[in-house]
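Visitor: Have a look at this one.
The values are calculated or read from the model by the stated rules, or taken from the named source; none is laboratory data. A quick note: this is a predicted structure, and the numbers were derived from the prediction, not measured. Don't worry about glycine lacking a Cβ; one is built from the backbone with ideal geometry, like all the others, and counts go over all protein chains shown. Just so you know, the surface numbers come from the protein's heavy atoms only, side chains and all, with ligands and any DNA or RNA stripped out. Shrake-Rupley method; radii C 1.70, N 1.55, O 1.52, S 1.80 Å.
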Amino acid sequence: MVRPAAGGSAILFPRENVTTHGKRGQSRATFERRPVMSTAAHIPDASPPSNKALRILFTDDVPELRDITRISLGREGHLVDCAADGDEALAKIIADPSRYDVLITDHHMPRMDGLTLVRGVRALPFPGKIIVFTSSLTAEVEAGYRSLNVDHIVTKPVPPSVFRELLHNL
């Protein structure tokens, strides 16, 4: 069911073929109010927030992916901090190794890749879980991650529901 958004919000839409003239001869359009409709009930991946709020550091060099992840996981009740590359992520973890419950990292990033980041994190007293979330890995790089005991390796793209379940089961 499509329903009006909370608070009875509305958007103003121009009326078809209606033009009026002001005192100085300028034309102006008239508008009608139409309620804003919420379709959240129709989003297939919509689900109630997780009972377990996690403090997540999400590391990826794609700004749009960082934004989407922050919003998506934030809606699940998680606290999401982001880093643009491994160097920035490692600096955040060095500053406070117990600040995050989960590190999610891409592999292919400028300045410091994910494998180098994980090596650095494993040298610290980081108590959290590590998830590698990447588009592709060579067998050699995957073996490197496995030797560092990462908790999960997830290949992009992955449906949000799978990602939510993975975090819920950590």
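Visitor: Could we say that LEU167 is open to solvent by less than 70 Å² (accessible area, probe 1.4 Å) and more than 24 Å from ALA53 (Cβ to Cβ) here?
Guide: Answer is no for this residue.
Visitor: Any chance you could count how many residues in segment 58-109 are basic (Lys, Arg) and over 17 Å from LYS156 (Cβ atoms)?
Guide: Going through segment 58-109 one residue at a time, the tally reaches 3.
Visitor: For segment 129-162, give me the residue count where each residue is free of Cβ contacts under 8 Å to residues at least 40 places away in the same chain, under 14 Å from ILE104 (Cβ atoms) and open to solvent by less than 30 Å² (accessible area, probe 1.4 Å).
Guide: Residues flagged as free of Cβ contacts under 8 Å to residues at least 40 places away in the same chain, under 14 Å from ILE104 (Cβ atoms) and open to solvent by less than 30 Å² (accessible area, probe 1.4 Å) within segment 129-162 amount to 7.
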